[in-house]
1. Return the pair list, or none, for Cβ contacts closer than 7 Å from residues in region 31-42 that are free of Cβ contacts under 8 Å to residues at least 12 places away in the same chain to residues that are in a strand (DSSP E or B) and surrounded by 10 or more Cβ atoms within 10 Å (Cβ to Cβ), at least 6 apart or on different chains.
2. Taking the conditions exactly as written (surrounded by 10 or more Cβ atoms within 10 Å (Cβ to Cβ) and over 14 Å from the mean Cα position of the chain (by Cα)), does residue 12 satisfy them or not?
3. Take residue 74 and tell me if it is without any contact (Cβ under 8 Å) to a residue 40 or more places away in the chain and within 30 Å of residue 20 (Cβ to Cβ).
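The values are calculated or read from the model by the stated rules, or taken from the named source; none is laboratory data. All values derive from a computational prediction rather than experimental measurement. Methodologically, a virtual Cβ is constructed for each residue, glycine included, from the backbone with ideal geometry; neighbour enumeration extends over all protein chains shown.
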């Protein structure tokens, strides 16, 4: 994984895209402190990301809401 500043990224854009096409992850840093703000990854890795399995706790956890539970839209939005 290679890290580069926004300026380096802008001036080497074509080269960076070639690196990404060959499977390289590129971290983009920004500012004087060079805070890491983004990661470029090959699209194949992004596209083939496994779907999240919903309902993992099915049968292991439950909840119930009392029949007399009432809340207005305004109260809900103010939480």
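1. Taking only residues 6 or more apart or on different chains, the pairs are 35/29; 37/28; 37/29; 37/30; 38/28.
2. Yes: the conditions hold for residue 12.
3. So residue 74 fails the test.
Let's see how each residue does on (1) surrounded by 10 or more Cβ atoms within 10 Å (Cβ to Cβ); (2) under 27 Å from the mean Cα position of the chain (by Cα); (3) modelled with pLDDT of 90 or more; (4) within 30 Å of residue 6 (Cβ to Cβ):
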| residue | (1), (2), (3), (4) |
| --- | --- |
| 38 | yes, yes, yes, yes |
| 52 | no, yes, no, no |
| 64 | no, no, no, no |
| 72 | no, no, no, no |
